[in-house]
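Each remark here refers to the structure printed beneath this line.
Each value in this text was obtained by applying a stated rule to the coordinates, not by laboratory testing. A quick note: this is a predicted structure, and the numbers were derived from the prediction, not measured. Neighbour counts run over all protein chains shown; Cβ positions are idealised from the backbone, glycine included.
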Amino acid sequence: MKTKEEKESRKAYNSMAEWYNHVRTKMYPKGWFYNELLEMPATLELLGNVRGKKILDFGCGTGIYAKLLTKKGAKLKGFDLSDEMLKIARKNNPKLDLRQGSGYKIPFNEKFDMVYAALVIDYFKDWDKVFKQVSRVLKKGGIFIFSAGNPVSECKINVKCGRKKFKALGIKDYFDEKAIYTDWILDERKVRVPAYHKTYETIIKTIVRNGFELIDYKDAFPLKKAKKLFPYDYELYSKIPFFCAFKLKKK
Ligand SMILES: C[S@@+](CC[C@H](N)C(=O)[O-])C[C@H]1O[C@@H](n2cnc3c(N)ncnc32)[C@H](O)[C@@H]1O
């Protein structure tokens, strides 16, 4: 592990692994707004029928997707940069081959029918390097699905309304592809989480340049049941697309 972004995201996820898994499985058994009720429906729709497919879970986190897709009949393997996230993923999926490693050097040498990276690609500065690695482990005609922060809503903007000033989601510095740091508020601590903003132009050119064809796309929209469970988040993110998901085919 060499890069600044790998060190920063590993540190962040190692320090919050237990909390991350707890929120999504125990604290909100019906699902956490941002994952189960917002990002996962988009990614799962793009994944479609996974029965019998050989799938690589890129950035498997605590193994929530891995468990679900294995139940649906996928032949799944996975990897993650954070050893603490991985410890929980292995506990949740004791029979699966889940390895420690980075998407800059995927720790597998075999070929898969599908690779998916749910909310992971934002942690990479160099997407070309990631796409080359994904291409290496995908069969010809294989599918690569990734979900990410939606480029239009990644930058906070200061808004003035009469005398009041507040932070709202909106486009600010859209063309500045810098690292954006967000403080995630856990129970009693803050964890600084990095993410690399990319424009749509960069994303689409990266797809094309690396020999992939864009075959589907989704702006993540919250599930209806989120309206009751998380009314504030539902109201906001049924108006602003917080995440998006791309489905690509290796040519
Ligand atoms: C938001 S979590 C998503 C976890 C899982 N995909 C899910 O949706 O439940 C992001 C994950 O990306 C992993 N990650 C960050 N940088 C990575 C890298 N360079 N290579 C592999 N995984 C990475 C983190 O350790 C963390 O588990």
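Of note:
- Our summary gives the stretch 2-148 a relative contact order of 24 percent, counting only alpha carbon pairs under 8 angstrom and 6 or more residues apart.
- Relative contact order, percent, the stretch 187-251 [alpha-carbon distance under 8 Å, six or more residues apart]: 41
- On the basis of the beta-carbon distance and an R0 of 22 Å, residue 201 and residue 132 show a calculated FRET efficiency of 0.65.
- Cα-based radius of gyration of the stretch 88-130 once divided by 2.2 N^0.38 Å, which approximates compact folds: 1.31
- Measuring against 28 Å, Cα to Cα, the residue pairs 75/178; 105/247; 53/91; 225/249 contain 75/178; 225/249 as the ones spanning a longer distance.
- Total charge dipole magnitude, the stretch 95-153, about the Cα centre, Cβ charges on Lys, Arg, Asp, Glu only, Debye to nearest 20: 220
- Using the average count of surrounding beta-carbon atoms within 10 Å as a protection proxy, the listed peptides 205-217, 81-93 rank, highest first, as 81-93, 205-217.
- Summing +1 for each Lys or Arg and -1 for each Asp or Glu among the other residues whose beta-carbon sits under 12 angstrom from that of residue 43 gives -3.
- Rh (Kirkwood; distinct C-alpha pairs) - the stretch 207-251, Å: 12.2
- Model label zone, residue 11; criterion: amide N under 14 Å from point 7 Å along Cα-to-beta-carbon; scope the stretch 27-68: none
- Set against the 2.2 N^0.38 Å expectation for a compact globular protein, the stretch 65-119 has a Cα radius of gyration ratio of 1.08.
- Efficiency of FRET between residue 3 and residue 30 - r from beta-carbon atoms, R0 41 angstrom, step 0.05: 0.65
- Label-point separation, residue 185 to residue 209 (7 Å along Cα→Cβ), nm: 3.9
- About the Cα centre, charge dipole magnitude for the stretch 191-251 (Lys/Arg +1, Asp/Glu -1 at Cβ), debye: 220
- Protection-proxy order for peptides 55-61, 127-133, 235-241, each taking the mean of Cβ atoms within 10 Å per residue, highest first: 55-61, 127-133, 235-241
- Comparing Cα centroids, the stretch 223-251 and the stretch 57-117 end up 24 angstrom apart.
- Nitroxide proxy distance, nm - points 7 Å out along Cα→Cβ at residue 99 and residue 111: 1.8
- Relative contact order, percent, the chain [alpha-carbon distance under 8 Å, six or more residues apart]: 21
- Considering only beta bridges that DSSP places wholly inside the chain, some 60 percent are antiparallel.
- Dipole in debye (nearest 20) - the stretch 1-132, about Cα centre, beta carbon charges: Lys, Arg +1; Asp, Glu -1: 500
- Dipole of the stretch 1-121 [Lys/Arg +1, Asp/Glu -1 at C-beta], most positive-end residue of 52, 121, 101: 52
- The eigenvalues of the Cα gyration tensor, multiplied by 5 and square-rooted, give the chain an equivalent ellipsoid with semi-axes of 28, 22, 19 Å from largest to smallest.
- Sorting 7-13, 197-203, 186-192, 104-110 by their mean Cβ neighbour count within 10 Å, with the most densely packed peptide first, gives 7-13, 197-203, 104-110, 186-192.
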